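Written below as structure tokens is the structure these notes are about.
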Protein chains: 2
Amino acid sequence: MEHPVALIVQKFGGSSVADAESVKRVAKRIAATRRAGNDVVVVVSAMGDTTDELLDLAQQVTPLPPQRELDILLTAGERISMSLLAMAINNLGVKAKSFTGQQAGVITDAVHGKARIVDVVPHRIRETVERGQVAIVAGFQGVTESTNDVTTLGRGGSDTTAVALAAGLGADVCEIYTDVDGVFTADPRIVPAARKIDRITYEEMLELAASGAKVLALRCVEYGRRYGVPIHVRSSFSGKEGTFVSGTTHPLGAPVAALAQPTDPSSSAVPEELVMEAPIISGVAHDRSEAKITVVGVPDVPGTAARIFEVVAGSGANIDMIVQNVSVARTGLTDISFTLPDGDGAAALSALSRIQEEIRFDSLQYDDQIGKLSLVGAGMKSHPGVSARLFGALRDAGINIEMISTSEIRISVVTRADDLDDAVRAVHSAFELDSDTDEAVVYGGTGR
Amino acid sequence: MEHPVALIVQKFGGSSVADAESVKRVAKRIAATRRAGNDVVVVVSAMGDTTDELLDLAQQVTPLPPQRELDILLTAGERISMSLLAMAINNLGVKAKSFTGQQAGVITDAVHGKARIVDVVPHRIRETVERGQVAIVAGFQGVTESTNDVTTLGRGGSDTTAVALAAGLGADVCEIYTDVDGVFTADPRIVPAARKIDRITYEEMLELAASGAKVLALRCVEYGRRYGVPIHVRSSFSGKEGTFVSGTTHPLGAPVAALAQPTDPSSSAVPEELVMEAPIISGVAHDRSEAKITVVGVPDVPGTAARIFEVVAGSGANIDMIVQNVSVARTGLTDISFTLPDGDGAAALSALSRIQEEIRFDSLQYDDQIGKLSLVGAGMKSHPGVSARLFGALRDAGINIEMISTSEIRISVVTRADDLDDAVRAVHSAFELDSDTDEAVVYGGTGR
């Protein structure tokens, strides 16, 4: 009731609408939001396992379904969930209508299976809301402008639909409902002392999402940042506030609260100016889904690295971290290692094999038993103390670091996959993020 | 290969695409038709029980789903079958693309749940066919022109989509694939000696469909007649020719073959002119889905019957046969009986009860244990011998007739439901339609 005439976009994922009972539960929540005086637009994913079942059907018919047809098939899923949800809301005495991506004006490019939204023209949605009705929109889908063909947005598509619609409608907030209470300082399944983050900036959230935090899709956060849409990640099982992702961590525009841990733990009375500039650690993310490829014995001549990464990119792989060392095998040679999603490994290896003669490297090594830990927080780069404390914590825990990469607000290290949980716990404690300490503004990867 | 550059519309129902294996089988048939040099447009229904499963989901959410949302829900079914079918055809090396009712240009009125097609604008289908690709179109659905909302066509909707598309595209033939070999002289489950009809006119097919033959939907035949679309009803399990429904029963425009039974069975040598005018019996249809309402003791004053049927029509019931008798109860009064689909019975009864005071009738009787037998064929009305033979056959079989109604090419009688099978067999034999006789042009209700 803080915003009596607010326009709220609410997004519910597949697990929130897994069966008729869940659909009715979600309908109650939506009806209550509407009855509290808000205008409500809802984005919904396909029910539970529908998408997997449809993919399975396609596999039974052909090993290589055309992407255009696959998109038509998969969008049947949201068609089912959105109409059922609209029915359930009407049944509670609140008027609701459902709309496909096309009807909602979600225009995309023609890249079937992972289309990008190019425009949102939500005339019908606005019209519906102005009539006092709830508009239910199919997530994950859009339509090409030129051919009127149905497209899907790929991973995290429904979150992106929600944020894009919120931007197009000028909504006050985009609520992403999930099965956890919000964004945490670390995955609570690994770090039981992890705490919910109340507020976080788009930039920090982007680093966390890119580093393995699964609670929000990367592209949805990117979209939110570009259009300044406040995102509220919260639980569909409780009424508690979750995590606000926005352009600032100042609650209600107030000055930054000095919540960070002191730069020197031994000093208990730090001048306020110093604290204001202290790094604010958001949280510890982790990622077990990457693999490492090492190109062994590469002749150390200009252009070789460029050629290698040109070929790897051409194979469709998204390269993450890159490290180049002097070769341990022979002098005049270097070893080049990089990480990539393990699903892209086979294609990258086969592309590289094809240029072995041309580049004249010795061999390729593939390692999918790696883990990546990322520490994310504002103002990190200008505080060398942060990396020192991170490396110290890992050393004390007896964990070997294989690769390191950094950005303005993130430090990532690669360890053995088996060491990853211990590493996350050690770093979480070292930065005093555990919930028995006093600091508050923090995070970590989790969720589905 | 009779028409090397023919444009053929093929319609496959839900039982033909019940699972992935059936989809692949249908795909082979379509690919073969295309490879034989024909242009092919396919209309497909939802897979097997999909529609019932979706209806069941809706019921779990609300007892009274809004029709607009129900239409959106149900159209998910064809979305799944059409994309899977397109995938399966592509997998056989024949290019195919699927299209929703909207994309195919099927424009309807806004009566959700039983919309009527008002126009077909198949630009994209024509374009696809001209590129040498197979177009797969979702049956049973369309879109309103004004609001761009999805509609469903109701019962027999996919057959109607197929014939409407065939008309819009100027197709050479519309093939309706089913699980029987064609239209029969009677339901083969009741009359084992029933025979497949090779050719039948739209008018006779309309009477058969209206009289309970389920193999083709009434409105699909109506559409075919209006636009002169030749319809070929055939089995999806064999390559055999089925039944051609068209404006004439002349095969290839040749003169009518003198295939009818002689007007006088005792005369074996009938002049050809006489045979040409002899009634041609198409077949015996039956219908167990109707009920009879009798309004007992209606004052015999002008306007009463009109008022009764006005009220019944207002309740949404489709009245079939009507009989008015002098009342057996009291003089000066009549009894009015009529038949209607038994699903409409409750609404009609309750509407009639509300005018009991106004009309001052004695009581209402409801009877859903009736059966209707219809004999259909050209030139019947001008041959009194036909009804005499029909009534004689029923008398000989000891079956009581409760109501009678006739049209130019049909005689229908109502019997007890329990007597219906015997009645169908007796009439089928009396008109020498059994397959051990020589006559050929004949029919009967059956199918799914």
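The values are calculated or read from the model by the stated rules, or taken from the named source; none is laboratory data. Remember, predicted model here, so these are calculated numbers, not experimental data. Because the Cβ atoms are built from the backbone with ideal geometry, glycine has one as well, and the counts that use them run over all protein chains shown. Only protein heavy atoms, including side chains, enter the accessible area calculation; ligands, DNA and RNA are left aside. Shrake-Rupley method; radii C 1.70, N 1.55, O 1.52, S 1.80 Å.
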Check your understanding: Averaged over all directions, how much area does the convex hull of the C-alpha atoms of region B:352-424 cover when projected, in nm²?
Key -> 6.6
Check your understanding: What order do A:Leu390, B:Leu169 take when sorted by accessible area (1.4 Å probe), most exposed first?
Key -> B:Leu169, A:Leu390
Review point. Tell me, what is the Rg over Rh of the protein assembly as shown, with Rh the Kirkwood radius over Cα pairs?
Key: 1.12
Study note, to complete from the structure: What a careful reader reports for the chain A Cβ nearest the rotation axis onto chain B, distance rounded to whole angstrom, is A:Ala76, 2
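Report the gain in length on full extension from B:Glu408 to B:Lys95: 0.36 nm times residue separation, minus Cα-Cα distance, nm rounded to one decimal. Walk me through the intermediate numbers first.
On the way: separation 313, 0.36 × 313 = 112.68 nm, distance 4.78 nm.
Here the answer is 107.9 nm.
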Practice item. On the full set of protein chains, 1.4 Å probe, figure out the accessible area of A:Leu340 and give it in Å² to the nearest 10. Key: 0
Exercise for review: For peptide A:70-79, compute the average count of partner chain beta-carbon atoms within 10 Å of each residue's beta-carbon.
Suggested key: 6
Practice item. Working with all protein chains in place, sort B:Leu364, A:Leu73 by solvent-accessible area computed with a 1.4 Å probe, largest first. Key: B:Leu364, A:Leu73
Practice item. Could you order A:Asp418, B:Asp368, A:Asp335 so the one with the most accessible surface comes first? Probe is 1.4 Å. Key: A:Asp418, B:Asp368, A:Asp335
Review point. On the accessible surface of the protein assembly as shown, probed at 1.4 Å, how many percent belong to carbon and sulfur atoms?
Key: 51
Review point. Scaled to the compact-protein estimate 2.2 N^0.38 Å, what is the alpha-carbon radius of gyration of region B:7-253, rounded to two decimal places?
Key: 0.97
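Just to confirm, what accessible area per residue do you get for chain B at 1.4 Å probe, in whole Å²?
Numbers: 18640 Å² over 448 residues.
Counting only protein heavy atoms, the per-residue value for chain B is 42 Å².
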Practice item. Have a look at B:Ser374, B:Ala388, B:Ala27 and report the one farthest towards the positive end of the charge dipole of chain B, computed about the Cα centre with Cβ charges (Lys/Arg +1, Asp/Glu -1). Key: B:Ala27
Check your understanding: How many partner chain Cβ atoms sit within 10 Å of a residue's Cβ in peptide B:48-61, on average, as a whole number?
Key -> 3
Review point. Which angle between 0 and 90 degrees, to the nearest 10, do you get for helix B:67-91 versus the longest principal axis of chain B when only C-alpha atoms count?
Key: 50
Check your understanding: At a probe size of 1.4 Å, how large is the accessible area of B:Phe184, to the nearest 10 Å²?
Key -> 30
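Looking at the square roots a ≥ b ≥ c of the eigenvalues of the Cα gyration tensor of chain A, which shape do they give, rounded for a/c under 1.5, prolate if a/b is larger than b/c, or oblate?
Here chain A falls in the oblate category.
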Review point. For the Cα atoms of chain B, what angle does the longest principal axis make with the long axis of helix B:218-227, in degrees from 0 to 90, nearest 10?
Key: 70
Review point. Which of the GluC sites (Glu not before Pro) found in region A:103-177 are loop residues per DSSP with 14 or fewer other Cβ atoms within 10 Å of their Cβ?
Key: A:Glu145
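To the nearest 500 deg cm²/dmol, what mean residue ellipticity at 222 nm is calculated for chain B from DSSP H runs of n ≥ 4 alone, each contributing -39,500 (n - 2.57), summed and divided by the residues? Show your work: numbers first, answer last.
Numbers: 13 runs with 147 residues, N = 448.
Value at 222 nm, helices only: -10000 deg cm²/dmol.
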**Study point:** Gyration tensor (alpha-carbon) shape descriptor, region A:4-151, a/c threshold 1.5
**Key:** oblate
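Quick check on my link table: of B:Lys24/B:Lys97; B:Lys95/B:Lys240; B:Lys292/B:Lys372; A:Lys24/A:Lys95; B:Lys28/B:Lys95, which ones sit more than 19 Å apart, alpha carbon to alpha carbon?
With Cα atoms farther than 19 Å apart: B:Lys95/B:Lys240.
Please give the peptides A:114-122, B:207-215, B:295-303, B:280-288 ranked by average Cβ packing (other Cβ atoms within 10 Å per residue), highest first, as a rough proxy for protection. Walk me through the numbers before you get to the answer.
Working: A:114-122: 17.9, B:207-215: 25.0, B:295-303: 15.2, B:280-288: 27.7.
Ranked from most to least packed, the peptides come out as B:280-288, B:207-215, A:114-122, B:295-303.
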**Study point:** Label geometry 7 Å along the beta-carbon vector: B:Val326 inter-copy distances in nm
**Key:** 12.5
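If you take the accessible area of B alone, add that of A alone, and subtract the area of the pair, what total do you get in Å², probe 1.4 Å, to the nearest 100? Before the final figure, lay out each step's value.
Values: alone 20300 and 20240 Å², together 37210 Å².
Counting protein atoms only, the buried area is about 3300 Å².
Using the Cα centre as the reference, give the magnitude of the dipole from point charges on the C-beta atoms of chain A (Lys, Arg: +1; Asp, Glu: -1; all else neutral), rounded to the nearest 20 debye.
Values: 41 positive and 58 negative charges, 286 e Å.
The dipole of chain A has a size of about 1380 debye.
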Study note, to complete from the structure: With all protein chains in place and a 1.4 Å probe, A:Ile359 shows an accessible area in Å² (nearest 10) of 20
Exercise for review: Any chance you could give the angle, 0 to 90 degrees and rounded to 10, that helix A:157-169 forms with the longest Cα principal axis of chain A?
Suggested key: 60
